[in-house]
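Below you'll find the structure, written out as structure tokens, and then a few comments.
The values are calculated or read from the model by the stated rules, or taken from the named source; none is laboratory data. Everything quoted here is computed from the prediction, not taken from an experiment. Virtual Cβ from ideal backbone geometry, glycine too; neighbours counted across all protein chains shown.
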């Protein structure tokens, strides 16, 4: 199976959810790999769609069973974890994770193509504005420290996009996804080209 994994990373407020939603709305063949969290769902979130919402005891049971490949406690608060098996019902997946998760999946899935996308906000002021625009928070300093940590690892990614203008950002993301989907068919297309070469030899 020719498998392809898209990973989206960026600081809080960078626009990761907007990018991911655009990708799987535009490309129905790309399915979201649903991750785990110990926090309660927000009013608009659905279990099994946005996250798998589970208690902390069940969360760490899955870690021990090897069903969660990597996990992180975010802002000294809730735990988030990514499933170990993500290609059980399809060859193309997309996931949101931090730089540590990105590193873990690159090590665990060395035999597949990982197209990683790092979303960079235009400024620290914009990070604050976007965070506060979603809801009031009491851990802004932790979020800014985490943003700095994420940005320090941007160079590890296949693509780096500054999200300073939403429409342009989504156009860029769509273009790179289309290129990756075409590249996924490279071997099939190469075999077709080689077959044509063979036919030339047989007929001329």
task: Please state which one of 58, 85, 45 is modelled with pLDDT of 95 or more and loosely packed, with under 15 Cβ neighbours inside 10 Å.
output: 58
message: Give all pairs with beta carbons closer than 8 Å in which a residue from region 124-148 that is modelled with pLDDT under 65 meets a residue that is surrounded by 12 or more Cβ atoms within 10 Å (Cβ to Cβ) and not in a loop (DSSP other than H, G, I, E, B); count only pairs at least 6 apart in sequence or on separate chains.
response: 137/131; 137/143
query: Is it the case that some residue within region 8-20 is touching a helix residue (DSSP H, G or I) at 6+ places or on another chain (Cβ under 8 Å), more than 19 Å from residue 143 (Cα to Cα) and buried (at least 17 other Cβ atoms within 10 Å of the Cβ)?
result: yes
query: Could you say whether any residue in region 161-179 is touching a strand residue (DSSP E or B) at 6+ places or on another chain (Cβ under 7 Å) and free of Cβ contacts under 8 Å to residues at least 40 places away in the same chain?
result: yes
- line: For residue 121, the lone unmet condition from (1) at pLDDT below 95; (2) surrounded by fewer than 12 Cβ atoms within 10 Å (Cβ to Cβ); (3) under 15 Å from residue 19 (Cα atoms) is (2)
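Results for (1) closer than 22 Å to residue 161 by Cα; (2) at pLDDT 90 or above, shown as yes or no for each residue.
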{"residue": "2", "(1), (2)": "no, no"}
{"residue": "18", "(1), (2)": "yes, yes"}
{"residue": "24", "(1), (2)": "yes, no"}
{"residue": "81", "(1), (2)": "no, yes"}
{"residue": "94", "(1), (2)": "yes, yes"}
task: Could you check, for region 64-81, whether at least one of its residues is touching a residue at least 40 places away in the same chain (Cβ under 8 Å), surrounded by 16 or more Cβ atoms within 10 Å (Cβ to Cβ), closer than 24 Å to residue 150 by Cα and within 14 Å of the chain's Cα centre (by Cα)?
output: yes
